[in-house]
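Here's the structure we're looking at; comments come further down.
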Amino acid sequence: MKDLMQSGLTAGEVAVARQEFGPNEMPKLPPPPWWKTALRQLESPLVWILVAAVVAAAALGETIDAAVIAAVIILNAALGFAQEWRAERALAALTAMLDPMATVRRDGRETVIPAREIVPGDILILSTGDRVAADGTIVSAQSAEVDESILTGESVPVSKSSGDLVSAGTSLVAGLAEARITATGVNTGFAEIAKLTGGLDRRPTQLQVALARLAKWLGFAAVAVALTVAAIGMIAGQDLLDMTLTAISLAVAMVPEGLPAVVTITLALGAGAMVRRQALVRRMQAVETLGASSVICTDKTGTLTENKMVATSAWVDGALHEIATLSDEPAAQALFGRLGRVGRLCSHASVSEDAHGNVQEIGSPTEIALLRFAQAAPDIGSGDILLEVPFSSERKRMSVLLRTDDGFRLLVKGAPEVVLERATHIAYADADRSLDGIERGKLEAALQSMGSKGLRVIALAERSANSDSDTEEEGLTILGLVGLIDPPRKEVADAIALAKAAGIRVIMITGDSPVTAGAIARDLAIACDTVLTGLELKDLSDDDLVSLMSKDVLFARTRPADKLRIVTALQARGEVVAMTGDGVNDAPALKRSDIGIAMGQRGTDVAQEAADVILLDDNFATIVGAIDEGRRQFANIKKFVRYLLSSNAGEVVALVVNLLIGGPLIFLATQILWMNLVTDGVTAVALGLEKAEPDQMKAPPRKPATPILGLSGLALIVTFGLYTGTASLVIFYTFLSVDPALANTMAFTAMVVFEKVSVFAFRSLTSPVIRIGWTSNPLLLLALTLTLGLQVAAVYLPFFQTILHTVPLSASNWLWIIGLALPLIIVPELVKLARVGRQKR
Ligand code: ATP
């Protein structure tokens, strides 16, 4: 293949082409215009209730109320718009991070560039799993197969050879290919479709759907209750205006208006927080599901380990040598040279140095390590590469057919068992020997000893070939084994301990050998009772696999297809599975798992597109970090849902009880709007930013089916609602005989203060605030200062006095309110302290 290489465009030609054709960008759907986002804010049933209120108030001559409610509609829409805009910006930043890269050859060198910089004339180099970034004509191909389903709907891959066309948007799912680019960006056939396939899946999450359903349900209930109350009132001969306002107040009090917007903004900001922890979320649902994951299935190479491989030892000429001393073995030099030739030529890796002395390594770390190993070997000459049978995780080997001065040779490298199975001879410094039982025994012992040190072992082999098409990988002569170290990443051991404490199982599924995998698992303290190889897995029935999953299993020498079976078996046990993957054939398992995780650096485009989350640093520790973050966000959503609903409950209790008593209106419609829209939403957003609780990663994962509220949640809401509702009624009736306007202002202000101070109880549903710190959420303190400040303004500023019908409060009035608010801070703290104490005992 290398003789077909073309050196590609020069820098000058690239500049000219870019001038002429522009960037290789697919047209994106323009973002929705701002006015559409703004209009959407007016779509909710609440807005229609309020519009009805404006009309009713205006018809009854209450122009101030009508104007105030109209202003509230606009203010509410503006707040919703601002939050959606912020969420939109956070998500747009994520989408930008998904922009793909591509490998091209320019000036005779392979370079990785952003796909948008490709120009017509470029030589695009495609490996298995790459997405084709522009239209082109294939100039060379090795067993290349392209998935064109995105264009044709046909899911069977199409083989491609030299002269065939490839289209932007399709992906290479097998083999290798090089294509000369003919059209880029809007000139490609994919341009029209690209508009439809965005980078980020923003479908609403299950939680959002559930909460939207709750909000809608409450909305309808509110309208029904309001109409009933109004009807009863009118039949009983009450004042029409009073009854209308009561009905509207009740409707407004029942609906947690801020909820959907607060959830949206929390998830979007949450996705931003995930990126700061190196996890890029492709599907919004993942933020939620991550927190519930109970098993992480992870590959080894590059995720648990550094993937910076270095050859340290080699088994050559019947003995194990340190690489550094291999050159000192004169007898082994010829053999070392043959090994080196395989490492150099049976490879796609390249190590080059640019004019500034910067070393650029391209290719898989395994091949780079072998190339570096080969550089130390004596050069025994090369030859022309005629054909290649590429590496794949299924085949676990790779071969090239070479034309040398002494005829054709097939050079092979791969997983030792696989190469050994196809070998008949073994090379020694003096001569090649037949691979009999004794020689096999020696090789097995060498493999065992290298593997148990955690070394990744590659076997190198060759044979003379008969023709320019003889690529049969049989009858090989083993040249030796090379041991590569790939140390565990330093953060991983802690991350595994953290996962264990959080009740999350870690299962290693690797293509590497059982011995090497076992050694790494031991190093990292990954629990492992049983090691199962891909072959053994094949013989296991699905049911047996499901029951085997109760043990701590490690899977080695697996093929990607095995991952799908493993996920399915785990899911059959009710586990929520996070699964990593990087190759084309990992895509089905990534899609099947609850959280598909692709590698950002190592992963193919195909795997990344199938995944829910992309690890920007390919690091296992990032998965555990993302789960931690997911748990925090879910816990916070739980907190503000309870908080907002208990605020509404208090208002409903006060209004309904007062209605039953038959007293005058306790809160005016405008006051309720003020409480719900102006002050509660801000506090809830701040609650969504609470830091993770100290014990968050010491509890087992939440069961995915548990409802967001549940009985304990409802009990909490009812308790708070009963207290705040009753306390405001007590204040109202205490002052009603003194001055109805004062009583109303007192009840209104008391309710606002109650709602504000009760937020401390919701900052953690289990830990006392002393443990999480009174000031650990500064934004919450800011929100409280702001909203309480607004309430003071509402009471003392003439403007607000007019629109909210308030009167000034005296110091003793405030003491009443503060006195009744204190239990809301003190009691929940005492309850939590007592609970913590009981648990300790
Ligand atoms: P993991 O699944 O944890 O990433 P892995 O990299 O070992 O581990 P694969 O990529 O499926 O998994 O590789 C399987 C085996 O194939 C490796 O253990 C190694 O022995 C062999 N191998 C890896 N890369 C090459 C290569 N470029 N050429 C030949 N053989 C290779």
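Among the numbered conditions (1) surrounded by fewer than 18 Cβ atoms within 10 Å (Cβ to Cβ); (2) farther than 27 Å from residue 689 by Cβ; (3) modelled with pLDDT under 95, the only one that residue 810 does not meet is (3).
The sole residue among 246, 228, 182 that is outside any strand (DSSP E or B), more than 30 Å from residue 686 (Cβ to Cβ) and either touching a strand residue (DSSP E or B) at 6+ places or on another chain (Cβ under 8 Å) or modelled with pLDDT under 80 (or both) is 246.
Being within 44 Å of the chain's Cα centre (by Cα), touching a residue at least 24 places away in the same chain (Cβ under 8 Å) and closer than 22 Å to residue 431 by Cα is a condition met by at least one residue of the range 332-339.
Restricting to the range 455-495, and then to whatever is assigned to a strand (DSSP E or B) and more than 16 Å from the ligand (Cβ to nearest atom), can you tell me which residue is nearest to residue 298 (Cα to Cα)? Steps first, answer last, please.
Filtering the range 455-495 down to residues assigned to a strand (DSSP E or B) leaves 456-465, 476-485, 488.
Narrowing the set further to residues that are more than 16 Å from the ligand (Cβ to nearest atom) leaves 463-465, 477.
On the way: 463: 37, 464: 40, 465: 40, 477: 35 Å.
Here the answer is 477.
Against the conditions (1) at pLDDT 80 or above; (2) among the polar types (S, T, N, Q); (3) under 28 Å from residue 245 (Cα atoms), residue 41 satisfies every one except (1).
Quick test for you: out of 786, 804, 779, pick the one residue that is out of contact with any strand residue (DSSP E or B) (no Cβ under 8 Å at 6 or more places or on another chain) and either without any contact (Cβ under 8 Å) to a residue 60 or more places away in the chain or surrounded by 16 or more Cβ atoms within 10 Å (Cβ to Cβ) (or both).
Every option except 804 fails the conditions.
Whether any residue in the range 118-131 is in contact with a helix residue (DSSP H, G or I) (Cβ under 6 Å, 6 or more places away or on another chain), buried (at least 22 other Cβ atoms within 10 Å of the Cβ) and more than 25 Å from residue 361 (Cα to Cα) is what I want to check. Within the range 118-131, not a single residue is in contact with a helix residue (DSSP H, G or I) (Cβ under 6 Å, 6 or more places away or on another chain), buried (at least 22 other Cβ atoms within 10 Å of the Cβ) and more than 25 Å from residue 361 (Cα to Cα).
A count restricted to the range 501-521 and to residues that are within 14 Å of the ligand (Cβ to nearest atom) and more than 20 Å from residue 558 (Cα to Cα) stands at 0. Looking only at residues of the range 587-607 that are surrounded by fewer than 24 Cβ atoms within 10 Å (Cβ to Cβ) and within 16 Å of the ligand (Cβ to nearest atom), we find that the one that is farthest from residue 301 (Cα to Cα) is 588. Close Cβ contacts (under 7 Å, 6 or more residues apart or on different chains) running from residues in the range 364-379 that are without any contact (Cβ under 8 Å) to a residue 24 or more places away in the chain to residues that are part of a loop (DSSP other than H, G, I, E, B) and more than 11 Å from the ligand (Cβ to nearest atom) are absent.
Among the candidates 576, 584, which residue alone is among the hydrophobic types (A, V, I, L, M, F, W, C) and either crowded, with 23+ Cβ neighbours inside 10 Å or in the same structural domain as residue 418 (by TED's automatic domain parsing) (or both)?
Numbers: 576 fails: either crowded, with 23+ Cβ neighbours inside 10 Å or in the same structural domain as residue 418 (by TED's automatic domain parsing) (or both).
Just one listed residue meets the conditions, 584.
Of the residues screened, residue 498 is not one that is within 16 Å of the ligand (Cβ to nearest atom) and either without any contact (Cβ under 8 Å) to a residue 24 or more places away in the chain or at negative phi (or both). If the condition is being of a type in the set (Gly, Ala, Ser) and part of a loop (DSSP other than H, G, I, E, B), then the range 587-598 contributes only 593.
The single residue among 570, 564, 545, 554 that is at pLDDT 95 or above, surrounded by fewer than 21 Cβ atoms within 10 Å (Cβ to Cβ), of a type outside the set (Val, Ile, Thr) and not assigned by TED's automatic domain parsing to the domain that holds residue 707 turns out to be 545. In the set 387, 339, 280, only one residue is in contact with a strand residue (DSSP E or B) (Cβ under 9 Å, 6 or more places away or on another chain), crowded, with 20+ Cβ neighbours inside 10 Å and assigned by TED's automatic domain parsing to the domain that holds residue 410; that residue is 339.
Residue 46 falls short on exactly one of the conditions (1) at pLDDT below 75; (2) in a loop (DSSP other than H, G, I, E, B), and that condition is (2). Restricting the search to the range 279-321, which residues are within 16 Å of the ligand (Cβ to nearest atom), assigned to a strand (DSSP E or B) and under 16 Å from residue 581 (Cα atoms)? Within the range 279-321, 296, 297, 298, 305 qualify. Among the numbered conditions (1) touching a helix residue (DSSP H, G or I) at 6+ places or on another chain (Cβ under 6 Å); (2) within 16 Å of the ligand (Cβ to nearest atom); (3) within 20 Å of residue 594 (Cβ to Cβ), the only one that residue 267 does not meet is (2).
Take the conditions within 15 Å of the ligand (Cβ to nearest atom) and either surrounded by fewer than 20 Cβ atoms within 10 Å (Cβ to Cβ) or farther than 23 Å from residue 701 by Cβ (or both) and apply them to residue 530. Does it pass? No, not satisfied.
Scanning the range 328-351 for residues that are part of a loop (DSSP other than H, G, I, E, B) and within 15 Å of the ligand (Cβ to nearest atom), which turns out nearest to residue 432 (Cα to Cα)? Can you show your working first?
Going through the range 328-351, the residues part of a loop (DSSP other than H, G, I, E, B) turn out to be 328-329, 346-349.
When the remaining residues are screened for being within 15 Å of the ligand (Cβ to nearest atom), the result is 346-349.
Details: 346: 21, 347: 24, 348: 28, 349: 29 Å.
Result: 346.
The strands (runs of 3 or more DSSP E) located wholly in the range 352-448 that include 2 or more residues which are within 13 Å of the ligand (Cβ to nearest atom) and closer than 25 Å to residue 327 by Cβ occupy 407-414. When the strands (runs of 3 or more DSSP E) confined to the range 102-148 are screened for residues that are within 16 Å of residue 162 (Cα to Cα) and either in the same structural domain as residue 174 (by TED's automatic domain parsing) or within 25 Å of the chain's Cα centre (by Cα) (or both), those reaching at least 3 such residues are found at 123-126, 135-147.
The values are calculated or read from the model by the stated rules, or taken from the named source; none is laboratory data. Just so you know, these numbers come straight off a predicted model, no measurement behind them. FYI the Cβ positions are ideal-geometry reconstructions off the backbone, even for glycines, and counts take in every protein chain you see.
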